[in-house]
């Protein structure tokens, strides 16, 4: 079951990257980027790790006997969809301001999901903390890109 959830999360990220690849290339070559912007290769490695952790957490919730597991997995699926769409807004169509608001929504959903996961399975909740930290960093990057490219 873990492999299924990890594969689903990785597939979501992979499809999102493929859909927005032309925009990513344009962003990397043309957009003014803020200080602390990591090299492009870092993003792929970090997101692979984060999607893997998401899949592990979701599988732990799915395998639990908690009566709240379906509600938590619904929030998980919703944040995954919002995550997918952020790349389209940011890289695909360069709506940096809208993407910033969308990313704030993603962060809020992820915090809610993490709290729900934590109540069901402590480990599943803790595994989401790197994701929250990365989303906070992404919020800084998105905000700075929006300011620098208006």
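The values are calculated or read from the model by the stated rules, or taken from the named source; none is laboratory data. Just so we're clear, the structure is a prediction, and the values are computed from it rather than from any experiment. Positions of Cβ are backbone-derived with ideal geometry, glycine not excepted, and every protein chain shown enters the neighbour counts.
Going through 108, 73, 103, 85 one at a time, which residue ends up being modelled with pLDDT of 95 or more and closer than 19 Å to residue 4 by Cβ? Even if it seems obvious, please write down each step before you answer.
Details: 108 fails: closer than 19 Å to residue 4 by Cβ; 103 fails: closer than 19 Å to residue 4 by Cβ; 85 fails: closer than 19 Å to residue 4 by Cβ.
It is 73.
Could we say that residue 137 is assigned to a helix (DSSP H, G or I), modelled with pLDDT of 95 or more and in contact with a helix residue (DSSP H, G or I) (Cβ under 6 Å, 6 or more places away or on another chain) here?
Values: assigned to a helix (DSSP H, G or I): yes; modelled with pLDDT of 95 or more: yes; in contact with a helix residue (DSSP H, G or I) (Cβ under 6 Å, 6 or more places away or on another chain): no.
Criteria not met by residue 137.
Could you run through region 82-132 and say how many residues are assigned to a helix (DSSP H, G or I) and either over 22 Å from residue 52 (Cβ atoms) or in contact (Cβ under 8 Å) with a residue 40 or more places away in the chain (or both)?
Here is the first cut: in region 82-132, the residues assigned to a helix (DSSP H, G or I) are 82-92, 96-120, 122-126, 129-132.
Restricting the remaining residues to those that are either over 22 Å from residue 52 (Cβ atoms) or in contact (Cβ under 8 Å) with a residue 40 or more places away in the chain (or both) gives 83-84, 87-92, 96-102, 104-105, 108, 113, 116-117, 119-120, 123-125, 130-131.
Looking only at that region, the number is 28.
Would you point out the residue of region 46-81, among those that are touching a helix residue (DSSP H, G or I) at 6+ places or on another chain (Cβ under 8 Å) and outside any helix (DSSP H, G or I), that is nearest to residue 10 (Cα to Cα)?
64
In region 1-45, what residues are exposed (fewer than 15 other Cβ atoms within 10 Å of the Cβ), under 14 Å from the mean Cα position of the chain (by Cα) and closer than 16 Å to residue 141 by Cα?
44
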